[in-house]
1. May I ask you to evaluate 6.51 cos²θ - 1.76 cosθ + 1.60, the Karplus curve with θ = phi - 60°, for each residue of the range 170-183 and list the ³J(HN,Hα) values in order in whole Hz, giving x for glycine and proline?
2. For residue 142, enumerate residues with amide H under 5 Å from its amide H, sequence gap 5+ or separate chain, H modeled in the peptide plane.
3. Under 16 Å from the Cα of residue 141, which aspartates and glutamates turn up, not counting those fewer than eight places away in the same chain?
4. Using protein chains only and a probe of 1.4 angstrom, how many square angstrom of residue 102 are accessible, to the nearest 10?
5. If one computes the Cα centroid of the range 189-257 and of the range 268-302, what distance in Å separates the two points?
6. Could you order 114, 322 by accessible surface area, starting with the largest, using a probe radius of 1.4 Å?
7. List every residue whose amide H lies under 5 Å from the amide H of residue 90, counting only residues 5 or more places away in sequence or on a different chain, with H placed 1.01 Å from N in the peptide plane.
8. Can you list the residues of the range 64-87 with backbone N under 18 Å from a point 7 Å past the Cα of residue 244, pointing along Cα to Cβ?
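The values are calculated or read from the model by the stated rules, or taken from the named source; none is laboratory data. From a predicted model like this one, the values you see are computed outputs, not experimental measurements. Note: ideal-geometry Cβ built from the backbone for every residue, glycine included; neighbour counts use all protein chains shown. Just the protein is used for accessible areas: all its heavy atoms, side chains included, with ligands, DNA and RNA removed. Shrake-Rupley method; radii C 1.70, N 1.55, O 1.52, S 1.80 Å.
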Amino acid sequence: MDQKWIKRLILLRFLPTAAAGSVLNFPKDVRGIQLDIVGLLAIVGESAMSGHVQPATGSFTALLPRFIPAPQSFLTTTRPWRLPPNPACSVVGIRSGNLSQTLNFFPDILHGIDELPRFTVRVISITRPMKGDEGLIKNIKVRRFGPLNMLAIIGMLFFIGLLVEAIILDDGMAVLTVLFLGVTSSMVGFGSLWRVDLQRRQDKREVPSGDVVVLGRQGAFLVVHCNEDIARELYFGQERCNYYVGERLFQVIAASATFMFMASVIFLANCTWDLQASIGLSYITLNGLYWIAALIPSRMQWDLSAYEVDDEELTTSATYTDMLVKVIRVTRETRWIRRGKAVPETEAWDRWLKEAGESITDPKWNGRERLTKLMSDAPSTTVGSVGVMWMEER
């Protein structure tokens, strides 16, 4: 039996309809499309919504009855007490000696230190207006016309439009579905509504300068000139999510909203075809919009106008050692380098730091040559030598 007949037998065995010459079947009209499981669209998109939960509930638009994809993202038993920090960066006070092993959320999005090139020193100054428009100290908040606030309004328009459509078409189950979905979003928004609570200094005694250095994971340094109040608010104090609703009441609200959401999915399965199609298209559209919002930088979600940032200098060096020389001359201090663990703890580095501190005003001092000489005089088996090589190659 040749290969031609073998192929024909396979077609007859597994594709009888294709061999018989029939065509693929499709619904005769649009209403032939089955929408019985359209409720699944209401819970799709949790991965995109998970990053929107905190900024979406940081504004009073969270109280609006609206359509939101994957509302179960908001239905948790506990709420985060702070925004996620950057664990790859550390912060050290130049003269205060303060040290933080992570970079808080707001200075992270304010500076974008991870975007700096390798071996770069950026120098900035941060000031803060003492009073806002209403005579109060300005605080960080969600941007009024930010992406998530706009999406909350769009979701409310979907809610109103679908409710009107359900009433016009006399679809009682659709009316219940839309109302339950809208009320669920308002409940979870109310239970998770919060405002930014920055840690501020209460005493006004004289303290050292608040200047800090942020050490990036890629070998970049950010030198920040600021007072101690700003250093405490942004870098060394931890911001907190100050919720309007207590923890126990939140759990009651979350449990109630969970049952309402499950009921709305059941109601949705019993709606007419027209409303199922409208609600399904609404969730598809909102999912796409929230995915686009996830691509927008976090800085665009928050109003950081309470702080004025001025760039003073930006330089990129060839090696880690050259960058250290540059940052020492900018800060005019070396103690913070040891405090921030920016160099290995070896005798050669201790001697180099001492010489660097004494040569801050000497432009002819060559830090790379001196380090090479000191390292060549040190034992080749020391752990510090390996650490320096790693930093030079980093």
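1. 6, 9, x, 5, 5, 4, 5, 4, 5, 5, 5, 5, x, 5
2. It is 303, by chain and number.
3. By straight Cα distance, residue 141 reaches 108, 133, 197, 233, 239, 303, 308.
4. Accessible surface of residue 102 is approximately 40 Å².
5. 32
6. Values: 114 60, 322 40 Å².
Sorted descending by solvent-accessible area, the residues read 114, 322.
7. 215
8. 64-67, 74-75, 79-80
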